[in-house]
Amino acid sequence: GESVGLHLPTLSVQEGDNSIINCAYSNSASDYFIWYKQESGKGPQFIIDIRSNMDKRQGQRVTVLLNKTVKHLSLQIAATQPGDSAVYFCAENRGGNNRKLIWGLGTSLAVNP
Amino acid sequence: NAGVTQTPKFRILKIGQSMTLQCTQDMNHNYMYWYRQDPGMGLKLIYYSVGAGITDKGEVPNGYNVSRSTTEDFPLRLELAAPSQTSVYFCASSNQLSTEAFFGQGTRLTVV
């Protein structure tokens, strides 16, 4: 889930391993969820989204799982590479067509060569 | 395409000063957003716009104003800068057919 405070949760993995980044959300009415990647000194970059009526969605090397029963979202990255090192944010859309996203705290992913 | 362009990249303001953060996009997106990101935190929505002439408040609008006179431009105005407004500001845009938002490189603002 998400932690509160100034210290980002950190996940450290070996290059080539799979990574799993978790996120808890609070609003059952959110209609979609998005994962963003933010590299140091840059703006966030879209990775993948999932609608609330789906349980799983796959992209290139990434899979997002949605468990509405426990309000939990996860991002799985296969064969993690050094270029995957970044902070990963989940965001939920509570604003319908207005796209008013509520962002989580973020998880810092460090990939060790 | 340039995407979303923000200026300036860095700025130091004194308490009480005012400034405008510029944001322009060349993707003909209807939706534009301003976020702030404090150290070690996620993004918080300040203001957003669903089209030219339409703006609305986000989570943390106090101390800021916006305007949207054209589709391309969405400036953010700080009237009386306060230390609590020290942050990194991101502008983003998206179209109505996609959930993907495109972000600028950010403006790092320090109020002293």
* Residues of region B:82-98 with amide N under 16 Å of the 7 Å Cα→Cβ point at B:Asp56 -> B:94-97
* Considering only lysines 8 or more places apart in sequence, or on different chains, count the pairs in the protein assembly as shown whose C-alpha atoms sit under 18 Å apart. => 8
* So what's the Cα pair-distance distribution over the protein assembly as shown, bin width 10 Å, in %? -> 8, 33, 35, 20, 4, 0
* Asked: Given A:Gly96, A:Asn22, A:Gln60, which one lies farthest toward the positive end of the charge dipole of region A:10-112, if we put +1 on the Cβ of every Lys and Arg and -1 on the Cβ of every Asp and Glu?
  -> A:Gly96
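Could you tell me what % of all Cα pairs in region B:15-65 have separations over 19 Å?
35
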* Can you give the FRET efficiency for B:Met27 and A:Asn27, using 1/(1 + (r/R0)^6), R0 = 35 Å, r = Cβ-Cβ distance, to the nearest 0.05? -> 0.75
* Structure fact -> To the nearest 0.05, the calculated FRET efficiency linking B:Lys9 and A:Lys71 through their beta-carbon distance, R0 being 35 Å, is 0.40
* To do: Would you work out which of B:Gly51, A:Val70, A:Val87 lies farthest towards the positive end of the dipole of the protein assembly as shown, given +1 charges on the beta-carbon of Lys and Arg and -1 on that of Asp and Glu, about the Cα centre?
  => B:Gly51
* Structure fact -> Extend 7 Å from the Cα of A:Asn112 along its Cα-to-C-beta direction; within region A:74-97, residues with backbone N under 20 Å of that point are A:77-88
* Taking only Cα atoms and a 10 Å spring cutoff, compute GNM fluctuations for chain B and point out the largest among B:Ser69, B:Ser94, B:Ser49. => B:Ser69
* Structure fact -> Answer in debye to the nearest 20: the dipole magnitude of region A:10-112 about its Cα centre, from +1 Lys/Arg and -1 Asp/Glu charges placed on Cβ, is 400
* Principal axis dimensions, region B:4-99 - Cα atoms, whole angstrom, descending -> 39, 28, 23
* Asked: In whole Å, what three semi-axes, largest first, describe the equivalent ellipsoid of region A:8-53 built from its Cα gyration tensor (square root of 5 times each eigenvalue)?
  -> 23, 15, 11
* To do: Would you please give the FRET efficiency between A:Arg61 and B:Gln17, computed as 1/(1 + (r/R0)^6) with r the Cβ-Cβ distance and R0 = 35 Å, to the nearest 0.05?
  => 0.15
* Quick one: P(r) of region A:10-112 from all Cα-Cα pairs, 10 Å bins, percents rounded to integers, in order of increasing distance. => 16, 50, 29, 6, 0
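FYI, it's all coordinate maths here, none of it is from the lab. Note that the coordinates shown come from a computational prediction; the quantities given were computed from them, not determined experimentally. Here Cβ is always computed from backbone atoms with ideal geometry, including for glycine, and neighbour counts include all displayed protein chains.
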